[in-house]
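Peer 1: I'd like to ask some things about the structure below.
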């Protein structure tokens, strides 16, 4: 089932290439596509595991980039910040084969309509973003074509993509088994909507771009709703690994090191991979 589909236009999807590119770096193994929606086009990159097995389904990771990677080149968002490479590396695919989807937000737009410097927000006054609606449509289109395990759909994002991650799971909680928002913020009033979504939240204490209150407000809202959160900075790595092995569902990692980029460390951490791929919708 390696070449599941070649040369197709399905609904609003158009593809420059399907499957994997055989030569070049691992990033070049991401095929290019474009999703057409009423207000424009959403470029995206798509990774397919190299050896799909008939009658098996595979997890999908949706990756939402930050503000600095917006555009239409379908390149910048996969070449920065290790948002994508850790998931598609051959060594990791051998352990956790998965699809990876990386849309690119158009220049001047956002995954959701908030000021990055404001911390948390309220969904009561925030309409769904046009580009986020396009991402949802893109997910639906791909799910109708590829053998995606609908009980193991994950989303992660950094900075602007961290906000997008929170926003997306708050609006589409039934779709996702787990989320990894980094340096973002959500809507604390509505945490009950995502109590079934497994979460590992990251933020740096001294973030000068997105205030740490964006994540702290969400963690506080969970705890005030009697939904416990494991704060990993208070325990050793050995204990963290033990808790992950025991099925920890909701974690928060805040570091006093660095400014705006916990992803520089954590996307390549095998404990994060171990935790993520163990998550499945009940």
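Derivation of every value follows stated rules applied to the coordinates shown; laboratory data play no part. Please read these numbers as outputs of a predicted model, since none were measured by experiment. Neighbour counts are summed over all protein chains in view; Cβ atoms, including those assigned to glycine, are modelled from backbone coordinates with ideal geometry.
Peer 1: What percentage of all Cα-Cα pairs in segment 231-282 are separated by more than 14 Å? Present the calculation step by step, with values, prior to reporting the outcome.
Peer 2: Details: 748 of 1326 pairs.
The calculated P(r) of segment 231-282 puts 56 percent of pairs beyond 14 Å.
Peer 1: Something else about it: Over 23 Å, how big is the tail of the calculated P(r) for segment 27-157, in percent of all Cα pairs?
Peer 2: For segment 27-157, the share of Cα pairs beyond 23 Å comes to 34 percent.
Peer 1: While we're here: Can you tell me the 0 to 90 degree angle between the C-alpha axis of helix 160-171 and the longest principal axis of the chain, rounded to 10?
Peer 2: With rounding to tens, the tilt is 90 degrees.
Peer 1: Additional query: Per the Kirkwood treatment, what hydrodynamic radius in Å, one decimal, follows for segment 9-276 from the mean inverse distance over all distinct Cα pairs?
Peer 2: 18.6
Peer 1: Report relative contact order for segment 9-276 in percent, whole number only (criteria: Cα-Cα under 8 Å, sequence separation at least 6).
Peer 2: Relative contact order comes out at 17 percent.
Peer 1: Compute the helix-to-body angle for 130-143: its Cα long axis versus the longest principal axis of the chain, expressed 0 to 90° and rounded to tens.
Peer 2: 60
Peer 1: Moving on. Output the antiparallel fraction of DSSP beta bridges having both residues in the chain, as a percent to the nearest 5. Write out the running numbers ahead of the final one.
Peer 2: Numbers: 16 of 41 bridges.
Around 40 percent antiparallel, to the nearest 5.
Peer 1: Next up: When 135, 265 are ordered from fewest to most other Cβ atoms inside 10 Å of their Cβ, what list results? Working shown, then result.
Peer 2: Details: 135 24, 265 16.
Ordered from fewest to most neighbouring Cβ atoms within 10 Å, 135, 265 come out as 265, 135.
Peer 1: Also, quick follow-up: I need the peptides 161-173, 184-196 ranked by packing, meaning the mean over residues of other C-beta atoms within 10 angstrom, with the highest value on top.
Peer 2: 161-173, 184-196
Peer 1: Looking only at Cα atoms, what is the convex hull volume of segment 22-67 per residue, in Å³?
Peer 2: Cα convex hull per residue, to the nearest whole number: 131 Å³.
Peer 1: Between 120, 25, 215, which gets the highest mean-square fluctuation from a Gaussian network model of the chain, Cα cutoff 10 Å?
Peer 2: Result for the chain, Cα springs under 10 Å: 25 fluctuates most.
Peer 1: Mind jotting down the three principal axis lengths of segment 182-282 based on Cα atoms? Whole angstrom, largest first.
Peer 2: Sorted from largest, the Cα extents of segment 182-282 read 36, 31, 21 Å.
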